[in-house]
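Worksheet: the structure to be examined is printed underneath.
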Amino acid sequence: MGIYDIILKRRAEGKKLLAVLVDPDKASDEHIASLADIFRSTPPDIILVGGSLVAADTEAVVRKLKSITDVPVVLFPGNGSQVAPSADAMLLLSLISGRNADYLVGQHVNSALQIRQTGLETIPTGYILIDGGSVTSVQYISGTMPIPRTKTDIAVATAVAGEMLGLKMLYLEAGSGASQHVPEEMVRAVRKHVNIPVIVGGGLRDIDSVKNMFKAGADVIVLGTIIEKDPYFLQKLFGFIAN
Ligand code: 1GP
């Protein structure tokens, strides 16, 4: 079963998914060893690998992760150079909140044939950047303006357009390390208007926020910075989920 089908199946069963984002530039051997330790008892559902600006060899990092865990590894590429054949799937992200043709379709054209040769499962995903209270790497690198936090109607219209265009998932992103996560009200409104899975990430660093995002209708939550700082946060979160 492909990764997208797993996500749909879990959703049909009323389950939520947790994804941990690994930035290849921060994936030191020490960090991967601590992830290996934690994933033995509290594995996330998905590992995302990628970043807006990556210097490290993504394929090498994917291989290391595959050697320490059976958790599916899904590419979350900041651009067309982050294709790693050893991954299980790739989010084919189109930055639909922006008006920069390069991130809407240009990077995809550059890497399409290479991706096809790898045989990777691709999951077309509408990437929607929401103002997270500070300028994030993705905003700067993509040269796009995020949707203002108060403009729920624009977020909804963008999400509906993405669904109508045939995208299979939506990713509401405040940006890695954002000072504020995506507003719950916005997640709730988007959830109400679309049927495809909704991923939410950026600036989530406490249990209540994760809980509230799931309650608002997120199907998948992405945690990056908090796990880099405190990998054992996953255990605390599992404790909460178990209770
Ligand atoms: C970034 O949504 C992810 O693309 C994760 O964000 O690093 O803030 O958890 P954080």
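The values are calculated or read from the model by the stated rules, or taken from the named source; none is laboratory data. Just so it is clear, the model here is predicted, and its values are computed rather than measured. Counting neighbours? That spans all protein chains shown, and the Cβs are built from the backbone with ideal geometry, glycine included. The accessibility values were calculated without ligands, DNA or RNA, using every heavy atom of the protein model including side chains. Shrake-Rupley method; radii C 1.70, N 1.55, O 1.52, S 1.80 Å.
Residues in segment 184-243 that are part of a helix (DSSP H, G or I), farther than 15 Å from K16 by Cβ and either among the aromatic types (F, W, Y) or within 10 Å of the ligand (Cβ to nearest atom) (or both): T225, I226, I227, E228, K229, F233.
Residue by residue, here is whether (1) under 19 Å from V220 (Cα atoms); (2) out of contact with any helix residue (DSSP H, G or I) (no Cβ under 6 Å at 6 or more places or on another chain) holds:
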site: K64; (1), (2): no, no
site: D70; (1), (2): yes, yes
site: F76; (1), (2): yes, yes
site: N79; (1), (2): no, no
site: V109; (1), (2): no, yes
site: I115; (1), (2): no, yes
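Every condition in (1) out of contact with any strand residue (DSSP E or B) (no Cβ under 8 Å at 6 or more places or on another chain); (2) of a type in the set (A, V, I, L, M); (3) within 23 Å of L93 (Cα to Cα) is met by L223 except one, and the failing one is (1). Within the option set S142, S97, S137, being over 27 Å from L8 (Cα atoms) and in contact with a helix residue (DSSP H, G or I) (Cβ under 6 Å, 6 or more places away or on another chain) holds for one residue only, S142.
Restricted to segment 119-147, and to residues there that are among the β-branched types (V, I, T), within 15 Å of the chain's Cα centre (by Cα) and closer than 13 Å to L172 by Cβ, the residue that is modelled with the lowest pLDDT is V138.
Among the residues of segment 126-160, the ones that are open to solvent by 30 Å² or more (accessible area, probe 1.4 Å), closer than 12 Å to V187 by Cα and within 16 Å of the ligand (Cβ to nearest atom) come to 1 in all. When E173, E184, E163 are checked against the criterion of being farther than 24 Å from Y4 by Cα and surrounded by 16 or more Cβ atoms within 10 Å (Cβ to Cβ), E184 stands alone in meeting it.
Going by what's in this entry, would L48 be described as in contact (Cβ under 8 Å) with a residue 24 or more places away in the chain, open to solvent by less than 20 Å² (accessible area, probe 1.4 Å) and in contact with a Phe, Trp or Tyr (Cβ under 6 Å, 6 or more places away or on another chain)? So L48 fits the description; yes. Counting the residues of segment 161-180 that are within 9 Å of the ligand (Cβ to nearest atom) and of a type in the set (D, E) gives 1.
Applying a threshold of 6 Å to beta carbon distances and a minimum spacing of six or more residues, or different chains, the list of pairs starting in segment 163-176 at a residue that is at positive phi and ending at one that is of a type in the set (G, A, S) and buried (at least 20 other Cβ atoms within 10 Å of the Cβ) reads G175/G132; G175/G202. Within segment 100-115, residues that are closer than 20 Å to S137 by Cβ have Cβ atoms under 7 Å from residues that are in a helix (DSSP H, G or I) in these pairs: N100/S142; Y103/S142, counting only partners at least 6 apart in sequence or on another chain.
Pairing each residue of segment 183-212 that is within 17 Å of L237 (Cβ to Cβ) with any residue that is hydroxyl-bearing (S, T, Y) and more than 15 Å from the ligand (Cβ to nearest atom), provided the two are 6+ apart or on different chains, yields no C-beta distance under 7 Å. Does segment 95-106 contain at least one residue that is among the small types (G, A, S) and over 19 Å from V198 (Cβ atoms)? Yes, because at least one residue in segment 95-106 is among the small types (G, A, S) and over 19 Å from V198 (Cβ atoms). Taking the stated definitions as given, is L53 within 16 Å of the ligand (Cβ to nearest atom), part of a strand (DSSP E or B) and open to solvent by 10 Å² or more (accessible area, probe 1.4 Å)? So L53 does not fit the description; no.
Residues in segment 32-46: is at least one at pLDDT 95 or above and closer than 14 Å to A89 by Cβ? Taking every residue of segment 32-46 in turn, at least one turns out to be at pLDDT 95 or above and closer than 14 Å to A89 by Cβ.
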